[in-house]
Amino acid sequence: MKVAFLGLGAIGTPMASHLAREPFDLTVWNRTGEKARAFAEENGVYAASTPAEAVADAEVVITCVPSSREVEQVLAGESGIEAGLKKGALFIDCTSGDPATSRKIAERLKARGVAFVDAPVSGGVKGAVAGTLTIMCGGSEADIERARSVLEAFGKKIIRCGEIGAGDAVKAMNQALLAINIWAGGEALASLAKLGVDASVALEVINGSSGRSNVSENLFPERVLGRKYPRTFKLALLDKDVGIAQDIARQNEIPSPFIELAARLFNDARRILGEEADHVEAVRVIEKQAGVEIS
Ligand code: NDP
């Protein structure tokens, strides 16, 4: 099966590497061409020089870029995906995108006889390397069934959430929960640090109690206690995700003070810590404001 993968970032690279084997015939493209050429050499696949060239023969096209805005950019123009796509192809967008733009893109592609599935992923770089990602899909049942054989190369749990945009919506709400857990966890541990409670002791208790989460079980022990913030998932991307959740809640007139606050806090943290900070580094803002180090 001829597959094109566009967007070899932190998570796109390990996802694409699972497609560099039979029964797939993989072509990759990346905005910074050097990365695509290095990937191609390492994995024995072809690196195209434009999106149009990458998708020219593809039956399935996968994109994984920061947001739906970049998906639109890669689609457009003389050398964009749309210029090369063949009728009957399936377009799978693994970007954590926004539902409204995904629906717009799907309409445009439908006019060219191309099917669309939004398929954002969860499980981080580790999950992508292991091929165990959770993939939340939006689209028709038939299109998602068609996508399944490709998604199974890097995903373990592949779930249809509803029509086009539903995968993006579920992903955005998952990310809002992640952000709220990070911030609330930071506040809890900073308060306990002031009382002289060791953070590893506090986490041991919380992880055996009802307040536990992926943040307390995995992210905080690895990153906050370890004082190491590997840049596997940028704070800037989490800020983007919470913004999508905020838009969805607002558009549907859902009272959502937690999501509103998370959006504001992560937006501020992004401004303070910069575009390259890791998402868990948001805790550093709390530490600074509280005048305490969580350790
Ligand atoms: P990165 O920032 O590591 O990579 C972004 C990728 O998009 C790079 O390949 C980059 O190219 C490309 N890109 C950026 N801007 C453009 C543009 N204007 N036109 C074309 N290509 C562009 O992001 P991630 O890989 O971490 O994330 C990708 C998506 O996956 C995001 O939607 C993110 O929210 C989601 N995600 C990420 C997870 C993670 O753990 N990292 C987990 C789950 C979802 P270049 O190399 O040239 O910069």
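Each reported figure results from applying straightforward, stated rules to the coordinates on display, with no laboratory input. Being a predicted model, the structure only gives us computed values, none of them experimental. When we count neighbours, we look across all protein chains shown, and the Cβ atoms used for this are built from the backbone with ideal geometry, even at glycine.
Assorted remarks:
- The reciprocal of the average 1/r between distinct C-alpha atoms defines the Kirkwood hydrodynamic radius, which for the chain equals 19.9 Å.
- Among beta bridges identified by DSSP and lying wholly in the chain, the antiparallel ones come to about 15 percent.
- Value of Rg/Rh across region 109-152 [Cα atoms, Kirkwood radius]: 1.06
- Residue order, fewest to most surrounding Cβ atoms within 10 angstrom, among 79, 49: 49, 79
- Computed over region 254-295, the P(r) curve from all C-alpha pair distances, binned at 5 Å from the origin, holds 5, 22, 26, 21, 15, 8, 2, 1 percent per bin.
- Kirkwood Rh, Cα atoms: Rg over Rh of region 152-212: 1.19
- Charged neighbours of residue 234, selected by a Cβ distance under 10 Å, balance to -2 (K, R count +1; D, E count -1).
- Region 97-170 and region 237-252 have Cα centres lying 18 Å from one another.
- Neighbourhood net charge (9 Å Cβ-Cβ; Lys/Arg +1, Asp/Glu -1) for residue 90: -1
- Relative contact order (percent, whole number), region 2-163, Cα cutoff 8 Å, 6+ residue spacing: 19 percent
- Qualifying GluC sites (Glu not before Pro) for region 146-248 [loop in DSSP, other Cβ within 10 Å: at most 13]: 152
- Share, in percent, of DSSP beta bridges within region 32-188 that are antiparallel, nearest 5: 20 percent
- Helix-only CD estimate at 222 nm, as mean residue ellipticity for the chain, using -39500 (n - 2.57) per DSSP H run (n ≥ 4): -15000 deg cm²/dmol
- Among the trypsin sites (Lys or Arg not before Pro) in region 79-164, those placed in a DSSP loop whose Cβ has at most 15 other Cβ atoms within 10 Å are 86, 87, 112.
- Size descriptor, Kirkwood hydrodynamic radius, that averages inverse alpha-carbon separations across region 169-290, Å: 14.7 Å
- Applying a 4.7 Å Cβ-Cβ cutoff to the chain leaves 137, 161 as cysteine residues with no disulfide-compatible partner.
- Dipole magnitude of the chain about its Cα centre (Cβ charges: Lys, Arg +1; Asp, Glu -1), debye to nearest 20: 80 debye
- When 278, 247 are arranged by Cβ crowding within 10 Å, least crowded first, meaning fewest neighbours, the order is 247, 278.
- Around residue 174: net Lys/Arg minus Asp/Glu count, Cβ-Cβ under 12 Å: -1
- Cα-based Rg of region 2-163 normalised by 2.2 N^0.38 Å, two decimals: 0.92
- Relative exposure of 26, 177, judged by other C-beta atoms within 10 Å (fewest first): 177, 26
- Under 21 Å from the Cα of residue 86 - lysines, other chains or at least 8 residues apart: 2, 104, 110
- Region 169-290, dipole about Cα centre (Lys/Arg Cβ +1, Asp/Glu Cβ -1), debye to the nearest 20: 200 debye
- Candidates per GluC sites (Glu not before Pro) in region 226-295, loop by DSSP, up to 14 other Cβ within 10 Å: 253, 275, 276, 293
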